[in-house]
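To start, the structure under review is shown below, and the notes come after it.
The values are calculated or read from the model by the stated rules, or taken from the named source; none is laboratory data. Here the structure is a predicted model, which is why all the values come from computation and not from measurement. With ideal geometry, Cβ positions are generated from the backbone for all residues, glycine too; neighbour counts draw on all protein chains shown. What goes into the accessible areas is simple: the full protein's heavy atoms, side chains included, and nothing from ligands, DNA or RNA. Shrake-Rupley method; radii C 1.70, N 1.55, O 1.52, S 1.80 Å.
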Amino acid sequence: MLRIYVGDELLELTDDDLDMMYVDEGKEAVVYKYGDEALKIYKPRCRKIRLDEDTASKYSEITNTKRILLPKRIIRNADEDLFCGYSLPFIYKNLTETIPNITMERFINELDIISDDMRILADNEVEVNDFHMGNLLYNGKFFIGDPGSYTINRSLYTGTIYVNNINVLSKFVQDGIFGMVKLSKKKRNNVYKSFNDWQYIGDQIRETARPKETVKQYVRRMAR
């Protein structure tokens, strides 16, 4: 029996309940589906840096991001009254392998929404890090999960944090999403040369993309 508080709600979950709710797990936590939330419950030991309770609580106060998934409710062990995780919005996801086939018009629209979220995070002194394909949840829309590597940075101006966040997004698009298109090393370098890392990559793509071409077609054209 697992007894936890999700926010103020007490859940008493049997092994059968947990089997039915199980979604996935990694080195740091096990994820369960509960209603429209994903319950991320920490494993007892983990070498990876994980969100502490204060930071998770701070993130849960930021409620207006649309695609960057942040903690909703704090999870505590009901028997020991110890912080043991947090909930996130649950997203049903499709195979990311279909992303190279979406149109550039749709792709840019998705990036614009994430860019807006980057501004919201920066305004709240949150600096993102470690975007990779494992963080991407795709169901026709792009969502970024796993806020465990984000940091609250009060030593920088929010404008600087925003630039840093946009740089992370740009690197993710080039290395992760565009990296799904098979290219030679030389052609991959040609794609990299097309973008300035310190500018919002969505604006740069907008200047060169043809709305109806796919992501795959665009990357191959930029690689010539």
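Can you tell me which residue within region 154-172, out of those that are within 25 Å of Tyr192 (Cβ to Cβ) and among the aliphatic types (A, V, I, L, M), is surrounded by the most Cβ atoms within 10 Å (Cβ to Cβ)?
Within region 154-172, the subset within 25 Å of Tyr192 (Cβ to Cβ) is 160-172.
Checking the rest, the ones that are also among the aliphatic types (A, V, I, L, M) come to 161, 163, 166, 168-169.
On the way: Ile161: 25, Val163: 17, Ile166: 23, Val168: 17, Leu169: 21.
The extreme case among them is Ile161.
Considering region 105-120, the residues that are in contact (Cβ under 8 Å) with a residue 60 or more places away in the chain and surrounded by fewer than 16 Cβ atoms within 10 Å (Cβ to Cβ) include one that is farthest from the chain's Cα centre (by Cα), namely Glu105. The test for being under 23 Å from Gly145 (Cα atoms) and modelled with pLDDT under 95 does not hold for Lys185. Selection over region 69-87 of residues that are open to solvent by 40 Å² or more (accessible area, probe 1.4 Å) and in a strand (DSSP E or B) gives a count of 3. Among residues of region 32-53 that are without any contact (Cβ under 8 Å) to a residue 24 or more places away in the chain and basic (Lys, Arg), those with a Cβ under 9 angstrom from a residue that is open to solvent by 60 Å² or more (accessible area, probe 1.4 Å) and not in a strand (DSSP E or B), sequence gap 6+ or separate chain, pair up as Lys43/Lys27; Arg47/Lys27. For Arg73, are the conditions met, namely being free of Cβ contacts under 8 Å to residues at least 12 places away in the same chain and out of contact with any helix residue (DSSP H, G or I) (no Cβ under 6 Å at 6 or more places or on another chain)? Against the criterion (free of Cβ contacts under 8 Å to residues at least 12 places away in the same chain and out of contact with any helix residue (DSSP H, G or I) (no Cβ under 6 Å at 6 or more places or on another chain)), Arg73 does not qualify. I'm checking my understanding of the structure. Among residues of region 197-223 that are open to solvent by 70 Å² or more (accessible area, probe 1.4 Å), of a type outside the set (Phe, Trp, Tyr) and under 21 Å from Ile166 (Cβ atoms), which one is farthest from the chain's Cα centre (by Cα)? Looking at residues that are open to solvent by 70 Å² or more (accessible area, probe 1.4 Å), of a type outside the set (Phe, Trp, Tyr) and under 21 Å from Ile166 (Cβ atoms), I get Glu207. When Tyr218, Tyr200 are checked against the criterion of being within 20 Å of Met118 (Cβ to Cβ) and of a type in the set (Ser, Thr, Tyr), a single residue qualifies: Tyr200. Of the residues making up region 1-30, those that are assigned to a strand (DSSP E or B) and in contact with a helix residue (DSSP H, G or I) (Cβ under 9 Å, 6 or more places away or on another chain) are Leu2, Leu11, Leu13, Ala29, Val30.
Search region 88-104 for residues being part of a strand (DSSP E or B) and in contact with a helix residue (DSSP H, G or I) (Cβ under 9 Å, 6 or more places away or on another chain), and hand back the single one that is surrounded by the fewest Cβ atoms within 10 Å (Cβ to Cβ). By that ranking, first place goes to Thr103. Put simply, of Asn165, Asn129 the only residue that is among the polar types (S, T, N, Q) and under 21 Å from Thr96 (Cα atoms) is Asn129.
The C-beta contact set for region 195-207 (first residue under 10 Å from Leu169 (Cβ atoms) and of a type outside the set (Asp, Glu), second residue surrounded by fewer than 20 Cβ atoms within 10 Å (Cβ to Cβ) and modelled with pLDDT under 95, distance under 7 angstrom, 6+ apart or interchain) comprises Ile201/Phe195. There is at least one residue in region 144-153 that is within 22 Å of Lys58 (Cα to Cα), hydroxyl-bearing (Ser, Thr, Tyr) and either open to solvent by 40 Å² or more (accessible area, probe 1.4 Å) or part of a strand (DSSP E or B) (or both).
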